Amino acid sequence: DDGAGVDATPGLDGAVDAAPVTDGGGGLDGGASSGCGRDPSGVATTLTVAGQSRTFVLALPSSYDASRAYPLIFAWHGLGGTGALARTYFGLGSQAGNHAILVYPDGLPQPDHNHQSGWDLHPQGDDFAFFDAMVTHLTGALCVDPERVFSTGHSFGGFMSNSLGCYRGDTLRAIAPVAGGPPFHGACG
């Protein structure tokens with residue numbers, strides 16, 4: 001259970017509440033993605049990125065409304081984890097489940113870490129391409145506020161969030177890493 005349907009905490013509620021989408025006759029505006037107005041059933045959770053099949057767990061609000069632009073929150077698991085595992089221990093569903101679209105990506109085996117699942121922290125690496133592909137896919141398929149895309153992660157996922165904050169700051173509004181370190185590949189920016 002992702003906690004969908006549970007009201008967000010008072011401090012978080014105002015920060016992530018979905019905003020209505022307006023249509024001034026010339027298409028959607030007001031900070032809405034091209035996915036607004038589309039049926040969310042059947043949104044793919046497997047993408048082919050750089051020739052590899054990549055997966056993620058997607059949690060939509062139980063009251064998802066395709067006419068409201070939702071924040072998009074990525075939650076990256078730690079070393080050896082999965083998106084499904086991260087969904088169970090992050091607690092995001094109980095905090096923002098009915099007010100945001102939650103995405104829990106699955107990492108690939110990392111040779112430098114005994115082939116446990118994790119993240120390629122290089123800004124030109126597979127996981128940055130995966131992030132970019134997920135953002136493009138989800139904003140095209142769901143009603144997302146592109147000005148409210150966030151990233152969090154624990155441990156190795158915290159490293160991934162920090163790296164994304166550094167190298168994808170033009171996409172992310174904010175990051176919230178937990179127990180992760182700084183980016184490793186060159187100067188940020």
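Measuring r between the beta carbons of Thr136 and Ser94 and using R0 = 22 Å, the FRET efficiency lands at 0.15.
For the pair the range 125-151 and the range 69-97, the centres of their Cα atoms are 15 angstrom apart. For Tyr167, the accessible surface of its heavy atoms amounts to roughly 40 Å² (probe 1.4 Å, protein chains only, rounded to the nearest 10). Taking each residue as 0.36 nm, the span from Ala84 to Cys188 lengthens on full extension beyond its C-alpha to C-alpha distance by 34.4 nm. On a per residue basis, the range 32-94 carries 42 Å² of accessible surface, using protein heavy atoms and a 1.4 Å probe.
The values are calculated or read from the model by the stated rules, or taken from the named source; none is laboratory data. Nothing here was measured: the structure is a model prediction, and the numbers come from that model. Don't worry about glycine lacking a Cβ; one is built from the backbone with ideal geometry, like all the others, and counts go over all protein chains shown. The protein model used for the area step is the full one, side chains on, heavy atoms only, and it has no ligands, DNA or RNA in it. Shrake-Rupley method; radii C 1.70, N 1.55, O 1.52, S 1.80 Å.
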